[in-house]
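What follows is a set of notes on a single structure, which appears directly below.
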Amino acid sequence: MRSVRGKAYLLATLLVFAAITSVYQAPDAYAAQITSRSLRLVAGATDGGSKPSGTVNHLFTFTLPGGNTVGSIKFEYCTVAQVTACVTPTGLTTTGATLGGETGVTGFSVNNATNGAPYLTRTAAAVGTSVPVTYQLNSVVNPSQTNYTFFVRISTYTATNATGSPLDTGSVAASTANPIQLEGVMPESLIFCTGVAISAPGGIPDCSTATNSVINFNQLFSPSDTATAESKMAASTNATTGYAITVNGTTMTSGSNTIPGMAAAATITRGTSEFGMNLVANTVATSTTPIGANVAPSPDATNLRGQPVAGYNTVDTFKFVSGDTVAQSNNGGAGPTNAQIYTASYIVNVAGNQLSGTYTTTLTYICTPTF
């Protein structure tokens, strides 16, 4: 009886040992680890890369261990990195994904049939040792949650349809983020100034540098020579149809005596009493110094539109009629313009019988924008 019981006990012991051996048998070989992994969320056509629900591009960068024959690479989007079953993040859409670029191991096309698990496929071929690669999936819709971390499990396969045991694996993390919205207002703008001189540091006219506006002619008036003077003005505006600048004031007077303004644009006539102006570089000179300068920077019909107008835009031709428009921003069509500096040149000739006196005038330039 004991013999039977002993045999039964021995048999039971052997069965338990066999079961334990079965449970703790040597583990299967694991897939190799994909290294240097990253996922960068790249801006799409209109959406920032990390925008929740934004249609953006996902750029994967990693290094394949090599030594395997690779026919497909799967990108599985999950709420957790690994271990547990993969749950696709809420709002994520990959069914419109396209392959935007590839480097390292190439020749792939994308299969986006399964949402959350697109894969790249090609004719299976061997991969060299430790190959850095990049793949960009375009037109991926980010998860809809804000400030939400999600994960992508990357696996390589010999099969071209991402099935079977994975060769190499790894995971990456990324996060959506609240977009930061900045808002500012550009108001209607007109910058205009006049003076004896205006500086342009860095090529940009600066009205804060405009100096006083009391100007003396270069010499005493004489029937045998032309007296000259200059002033500056700068203007810019963002007005839709730009600006117009008018000159306003009287001609040169001394008490009841006057030097007539030049009613029509004309060249100078020494020995004739006349007062005129223009806004260009002239060859007329006292001694050897020409007067005037062209508008600077020169108009380019796009960002710089200001220019003198007819009557005040011809070399060595002068005119003065109070209320005349002398310049406007219409080069290439009326419109807004960056700042430019004008040089106004003034000339006085007198007849031999011009009565003596101190002749003065006060000119007011008005710059009117139209928004």
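The values are calculated or read from the model by the stated rules, or taken from the named source; none is laboratory data. It should be emphasised that the depicted structure is a prediction, and the values quoted were computed from it without experimental measurement. So basically every Cβ, Gly included, is an ideal-geometry build from the backbone, and we count neighbours across all protein chains shown.
Take the conditions (1) in contact with a strand residue (DSSP E or B) (Cβ under 7 Å, 6 or more places away or on another chain); (2) closer than 16 Å to Tyr346 by Cβ; (3) modelled with pLDDT of 95 or more; Asn218 misses just one of them, which is (3). In this entry, Val309 passes the filter for residues that are under 16 Å from Gly242 (Cβ atoms) and touching a strand residue (DSSP E or B) at 6+ places or on another chain (Cβ under 6 Å).
With respect to (1) under 41 Å from the mean Cα position of the chain (by Cα); (2) modelled with pLDDT of 95 or more; (3) within 27 Å of Ser165 (Cα to Cα); (4) crowded, with 17+ Cβ neighbours inside 10 Å, the lone exception for Gly49 is condition (3). Please indicate, with yes or no, whether at least one residue in segment 29-42 is modelled with pLDDT of 95 or more and over 29 Å from Asn142 (Cα atoms). The answer is no; no qualifying residue exists. Scanning segment 351-371 for residues that are farther than 27 Å from Ala327 by Cα and either surrounded by 19 or more Cβ atoms within 10 Å (Cβ to Cβ) or in contact with a helix residue (DSSP H, G or I) (Cβ under 8 Å, 6 or more places away or on another chain) (or both) yields a single hit, Gln354. When Leu99 is tested against (1) in contact with a Leu (Cβ under 9 Å, 6 or more places away or on another chain); (2) more than 26 Å from Ser53 (Cβ to Cβ); (3) aliphatic (A, V, I, L, M), only condition (2) is not met. All of (1) buried (at least 16 other Cβ atoms within 10 Å of the Cβ); (2) within 17 Å of Leu39 (Cβ to Cβ) hold for Asn147 with one exception: (1). Elements of the type strands (runs of 3 or more DSSP E) sitting completely within segment 181-285 and holding at least 3 residues that are buried (at least 16 other Cβ atoms within 10 Å of the Cβ) and hydroxyl-bearing (Ser, Thr, Tyr): these cover 227-237. Within segment 271-300, the set of residues being farther than 21 Å from Ala197 by Cα and either modelled with pLDDT of 95 or more or within 44 Å of the chain's Cα centre (by Cα) (or both) comprises Gly271, Thr272, Ser273, Glu274, Phe275, Asp300.
The one condition from (1) of a type outside the set (A, V, I, L, M, F, W, C); (2) in contact (Cβ under 8 Å) with a residue 12 or more places away in the chain; (3) over 30 Å from Thr317 (Cβ atoms) that Gly195 does not meet is (3).
For segment 89-123, filtered to residues that are in a loop (DSSP other than H, G, I, E, B) and of a type in the set (Ser, Thr, Tyr), the residue that is nearest to the chain's Cα centre (by Cα) is Thr94.
Considering every residue within segment 65-88, establish whether at least one is at pLDDT below 95 and either part of a strand (DSSP E or B) or in contact with a Leu (Cβ under 6 Å, 6 or more places away or on another chain) (or both). The answer is yes; a qualifying residue exists.
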